[in-house]
Amino acid sequence: MARLIEIVEKDAVGETMPTKSFRLKHDLASHPLFQLDRLAKLAGDLPADQVEWNGQVAPNQDPKLTPANGMSAEETVRRIEEAKSWMVLKDVGTDPEYKALLDACLDEIAEQTGGAMGGAMRRAAFIFVTSPGNVTPMHTDPELNFLLQVRGSKRMSVWDQKDRETVPAEHMEMYPGKHRNIPYRDEYEARALHQHLEPGDSIFVPLMAPHWVQNGEEVSVSFSITWMTKEAENFVSLQYVNAVLRKLGLPQAEPGEHKLWDGVKVAAYRVLRPAYDAVKKLVGDRDKAVALVFGRKNAEPV
Ligand SMILES: [Fe+2]
């Protein structure tokens with residue numbers, strides 16, 4: 001393979017950002033940056049707020065009851081085979097070696113799509129290290145994402161972002177302090193696209209498409225490379241505004257139904273978000289800021 005990453009389903013990319021998942025191939029399966037020794041060093045080097053890990057969870061995991069595994073981040077990577085754990089190393093582009101790889105991959109995607117995908121806005125990379133058989137609960141992500149399977153296998157169930165029969169709007173929407181997990185039911189599976197990933201496989205995960213992950217019977221390492229566009233940022237802002245208005249008892253239309261009103265909401269978000277961030281900085285804690293601004297006692301979903 002001449003490239004680091006290559007789109008397999010070339011017809012999936014048109015002039016607008018795809019809203020459906022599609023497949024790619026990559027050449028990172030034996031890359032030195034994804035060997036466990038290097039990842040353990042990275043886990044130890046990253047600031048605490050860039051590393052998150054936990055013990056065994058279920059697809060419908062209650063975020064308040066997420067179990068710890070009792071180990072340090074570095075130890076978790078070194079013992080991932082038997083740790084029954086899930087770990088994410090966030091924004092690994094703060095390390096220059098990972099930043100160079102992130103940029104190289106997204107530049108290649110931009111080249112293959114005539115600039116439609118892989119843009120330079122808010123590029124970021126995450127690495128998921130998971131024990132055999134582990135699960136990532138159902139959730140959405142507020143960015144455009146290519147997931148590259150580097151080691152082990154996983155099955156991802158991915159839903160259409162607009163599939164309201166599976167996920168009601170109030171579960172899709174995000175608001176400050178809301179946990180990313182979405183309530184899951186087995187009957188949702190019939191409407192999912194199932195993507196099976198082996199080392200060298202990659203998929204595009206559309207903006208805020210609900211998904212959950214079942215890992216195979218080996219240690220899994222995945223590289224997630226993300227970026228944003230102006231349209232994607234507006235869409236995510238709208239989700240925040242709709243969620244807050246819905247919490248205030250005001251039913252909201254789907255994004256795109258009332259384009260003018262959507263624009264007003266996005267503009268309001270741009271004005272109000274810095275005020276919320278200022279309150280958060282002032283009180284020094286997200287939960288306290290949420291309570292002050294939204295009148296709630298804690299930041300968990302209700
Ligand atoms: Fe995700």
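Below are the figures for this structure:
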quantity	calculated
Out of A58, A100, A43, sole residue that is in a helix (DSSP H, G or I) and either loosely packed, with under 15 Cβ neighbours inside 10 Å or outside the structural domain of Y184 (by TED's automatic domain parsing) (or both)	A100
Top-ranked residue in region 126-147 [being more than 13 Å from the ligand (Cβ to nearest atom) and buried (at least 18 other Cβ atoms within 10 Å of the Cβ); ranked as modelled with the lowest pLDDT]	N134
Positions within region 206-227 being closer than 20 Å to P18 by Cα, more than 11 Å from the ligand (Cβ to nearest atom) and not in a strand (DSSP E or B), in sequence order	P206, L207
Count of region 24-58 residues which are touching a helix residue (DSSP H, G or I) at 6+ places or on another chain (Cβ under 9 Å) and under 15 Å from E108 (Cα atoms)	3
In region 27-40, the residues that are surrounded by fewer than 18 Cβ atoms within 10 Å (Cβ to Cβ) and either among the small types (G, A, S) or at positive phi (or both)	A29, S30
Neighbours by Cβ (under 6 Å, 6+ apart or cross-chain): first from region 207-218, at positive phi and assigned by TED's automatic domain parsing to the domain that holds V129; second modelled with pLDDT under 95 and more than 10 Å from the ligand (Cβ to nearest atom)	M208/Q161
Per-region count, region 10-48, residues of a type in the set (D, E) and modelled with pLDDT of 95 or more	3
Filtered residue count, region 70-90, keeping only those that are surrounded by fewer than 19 Cβ atoms within 10 Å (Cβ to Cβ), in a loop (DSSP other than H, G, I, E, B) and either without any contact (Cβ under 8 Å) to a residue 60 or more places away in the chain or within 23 Å of the chain's Cα centre (by Cα) (or both)	7
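The values are calculated or read from the model by the stated rules, or taken from the named source; none is laboratory data. Please read all numbers here as calculations on a predicted model, not as lab measurements. Neighbour counts are summed over all protein chains in view; Cβ atoms, including those assigned to glycine, are modelled from backbone coordinates with ideal geometry.
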